[in-house]
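The values are calculated or read from the model by the stated rules, or taken from the named source; none is laboratory data. Treat the numbers as computed from the prediction; the structure is a model and nothing was measured. In this analysis, Cβ positions are derived from the backbone assuming ideal geometry, glycine residues included, and neighbour counts consider all displayed protein chains. Note: areas computed on protein heavy atoms with side chains; ligands, DNA, RNA excluded. Shrake-Rupley method; radii C 1.70, N 1.55, O 1.52, S 1.80 Å.
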Amino acid sequence: QVRLKESGGDSVQAGGSLRLSCAFVTSTYGDSSVYCLGWFRQPPGKEREEVAVLQSGVNSTYADSVKGRFTISLDRAKNILYLQMDSLKVDDTAMYYCAAEWDLCPRVVSGFDFWGQGTQVTVSS
(Lines give C-alpha, C1' and ligand atoms only; values in the text may rest on other atoms or scores of the structure.)
Protein backbone atom coordinates (compact mmCIF):
# COMPACT_ATOMS: atom_id res chain seq x y z
CA GLN A 1 0.00 0.00 0.00
CA VAL A 2 2.89 2.36 0.74
CA ARG A 3 6.68 2.16 0.80
CA LEU A 4 8.92 4.76 2.43
CA LYS A 5 12.69 5.18 2.45
CA GLU A 6 14.65 7.71 4.48
CA SER A 7 17.99 9.21 3.56
CA GLY A 8 20.25 12.08 4.60
CA GLY A 9 21.35 10.95 8.04
CA ASP A 10 24.93 11.73 8.98
CA SER A 11 27.32 12.57 11.79
CA VAL A 12 27.54 16.31 12.46
CA GLN A 13 28.82 18.74 15.04
CA ALA A 14 26.45 20.44 17.45
CA GLY A 15 25.06 23.60 15.90
CA GLY A 16 25.16 22.15 12.42
CA SER A 17 22.35 21.30 10.02
CA LEU A 18 21.01 18.32 8.12
CA ARG A 19 18.10 17.71 5.78
CA LEU A 20 16.47 14.32 5.89
CA SER A 21 14.43 13.02 2.98
CA CYS A 22 11.71 10.40 2.83
CA ALA A 23 10.77 9.17 -0.62
CA PHE A 24 7.51 7.29 -0.72
CA VAL A 25 5.43 5.32 -3.19
CA THR A 26 1.78 4.65 -2.55
CA SER A 27 -1.40 3.82 -4.40
CA THR A 28 -3.44 5.75 -1.83
CA TYR A 29 -1.76 9.16 -1.91
CA GLY A 30 -3.35 11.33 -4.56
CA ASP A 31 -6.73 9.71 -4.18
CA SER A 32 -7.28 10.92 -0.63
CA SER A 33 -7.35 14.49 0.67
CA VAL A 34 -6.83 13.40 4.28
CA TYR A 35 -3.51 11.86 5.26
CA CYS A 36 -0.67 12.28 7.71
CA LEU A 37 3.07 12.17 7.16
CA GLY A 38 5.53 12.42 9.98
CA TRP A 39 9.06 12.19 11.30
CA PHE A 40 9.96 10.23 14.40
CA ARG A 41 13.14 9.41 16.23
CA GLN A 42 14.39 6.80 18.63
CA PRO A 43 17.48 7.57 20.72
CA PRO A 44 19.51 4.61 22.02
CA GLY A 45 17.71 2.88 24.87
CA LYS A 46 14.59 5.02 24.56
CA GLU A 47 11.18 4.67 22.97
CA ARG A 48 10.30 6.11 19.60
CA GLU A 49 8.93 9.64 19.78
CA GLU A 50 7.15 12.02 17.44
CA VAL A 51 9.28 14.84 16.06
CA ALA A 52 6.99 16.53 13.53
CA VAL A 53 3.84 15.66 11.61
CA LEU A 54 2.16 17.15 8.57
CA GLN A 55 -1.60 16.78 8.22
CA SER A 56 -2.72 16.52 4.60
CA GLY A 57 0.39 18.41 3.50
CA VAL A 58 -0.58 21.77 5.00
CA ASN A 59 -0.85 21.67 8.78
CA SER A 60 2.29 20.93 10.78
CA THR A 61 2.99 20.34 14.45
CA TYR A 62 6.28 19.87 16.26
CA ALA A 63 7.56 18.38 19.45
CA ASP A 64 8.48 21.07 21.95
CA SER A 65 12.09 19.94 21.87
CA VAL A 66 12.50 20.82 18.18
CA LYS A 67 10.24 23.85 17.73
CA GLY A 68 12.07 26.68 16.03
CA ARG A 69 14.86 24.37 14.88
CA PHE A 70 13.23 21.73 12.66
CA THR A 71 10.91 22.18 9.68
CA ILE A 72 8.78 19.51 8.03
CA SER A 73 7.74 19.95 4.41
CA LEU A 74 6.35 17.97 1.49
CA ASP A 75 7.15 18.06 -2.20
CA ARG A 76 3.92 16.68 -3.65
CA ALA A 77 5.24 16.50 -7.21
CA LYS A 78 8.18 14.31 -6.22
CA ASN A 79 6.54 12.46 -3.33
CA ILE A 80 9.31 13.40 -0.93
CA LEU A 81 8.87 14.39 2.70
CA TYR A 82 11.65 16.51 4.19
CA LEU A 83 12.87 17.34 7.65
CA GLN A 84 15.18 20.33 7.77
CA MET A 85 17.14 20.24 11.01
CA ASP A 86 19.05 23.32 12.14
CA SER A 87 20.94 24.15 15.31
CA LEU A 88 21.38 20.48 16.05
CA LYS A 89 22.01 19.39 19.61
CA VAL A 90 23.63 16.29 21.02
CA ASP A 91 20.20 15.27 22.31
CA ASP A 92 18.97 15.08 18.71
CA THR A 93 21.09 11.97 18.21
CA ALA A 94 18.76 9.14 17.21
CA MET A 95 17.55 6.88 14.46
CA TYR A 96 15.08 8.94 12.46
CA TYR A 97 12.06 7.39 10.76
CA CYS A 98 9.35 8.68 8.48
CA ALA A 99 5.85 7.29 8.67
CA ALA A 100 2.46 7.61 7.03
CA GLU A 101 -1.16 7.17 7.97
CA TRP A 102 -3.96 7.65 5.47
CA ASP A 103 -6.23 9.48 7.86
CA LEU A 104 -6.02 12.24 10.48
CA CYS A 105 -2.70 12.29 12.29
CA PRO A 106 -2.75 9.64 15.03
CA ARG A 107 -2.42 10.74 18.64
CA VAL A 108 0.13 8.03 19.42
CA VAL A 109 3.22 6.80 17.60
CA SER A 110 1.79 3.29 17.28
CA GLY A 111 -1.12 4.71 15.31
CA PHE A 112 1.00 5.10 12.20
CA ASP A 113 0.73 2.02 10.02
CA PHE A 114 3.54 2.55 7.50
CA TRP A 115 7.20 3.14 8.30
CA GLY A 116 10.55 3.51 6.63
CA GLN A 117 13.65 1.69 7.82
CA GLY A 118 15.30 4.70 9.40
CA THR A 119 18.39 6.85 8.94
CA GLN A 120 20.93 7.54 11.67
CA VAL A 121 21.66 11.07 12.88
CA THR A 122 24.56 11.52 15.26
CA VAL A 123 25.38 14.90 16.77
CA SER A 124 28.62 15.42 18.66
CA SER A 125 29.94 18.35 20.66
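Counting only heavy atoms of the protein chains, get the accessible area per residue of segment 8-119 (1.4 Å probe) and round it to a whole Å² value.
Normalised by residue count, the accessible surface of segment 8-119 is 51 Å².
Can you pull out the trypsin sites (Lys or Arg not before Pro) in segment 65-102 that DSSP calls coil and that have at most 12 other Cβ atoms within 10 Å?
Answer in residue order: Lys67, Arg76, Lys78.
Checking the cross-link filter: which aspartates and glutamates have an alpha carbon closer than 19 Å to that of Lys46, excluding same-chain neighbours under 8 positions apart?
Asp64, Asp91, Asp92
Cα to Cα, under 28 Å, and not fewer than 8 places away if on the same chain: which lysines meet these conditions relative to Lys78?
Reachable lysines: Lys5, Lys67.
May I ask you to rank Asp91, Asp113, Asp75 by accessible area, largest first, using a 1.4 Å probe over the protein chains only?
Asp91, Asp113, Asp75
Please check which bits of segment 99-120 a label hung off Glu47 would reach, taking the label as a point 7 Å along Cα-to-C-beta and the cut-off as backbone N under 14 Å.
107-112
Which of the GluC sites (Glu not before Pro) found in segment 29-62 are in a DSSP loop and have at most 10 neighbouring Cβ atoms, other than their own, within 10 Å? Don't jump to the answer; show the numbers that get you there.
Values: sites: Glu47, Glu49, Glu50; in loops: Glu47.
Listed in order of number, the matching sites are Glu47.
Could you look at the chain and say what percent of its accessible area is carbon and sulfur, using a 1.4 Å probe and all protein chains?
Percent of accessible area from carbon and sulfur atoms in the chain: 45.
Report the extension gain between Asp10 and Gln120 in nm, rounded to one decimal, defined as 0.36 nm multiplied by the number of residues separating them, less their alpha carbon distance.
39.0 nm
Could you give each residue of segment 67-80 its phi-based ³J(HN,Hα) in whole Hz, using Karplus coefficients 6.51, -1.76, 1.60 with θ = phi - 60°, and x for Gly or Pro?
4, x, 10, 10, 9, 9, 8, 9, 9, 5, 5, 9, 6, 10
Excluding Ser21 itself, calculate the net charge of residues whose Cβ lies under 11 Å from the Cβ of Ser21, where each Lys or Arg counts +1 and each Asp or Glu counts -1.
Its environment carries a net charge of +1.
Only Cα pairs under 8 Å and at least 6 apart count here; give the relative contact order of the chain as a rounded whole percent.
That works out to 36 percent.
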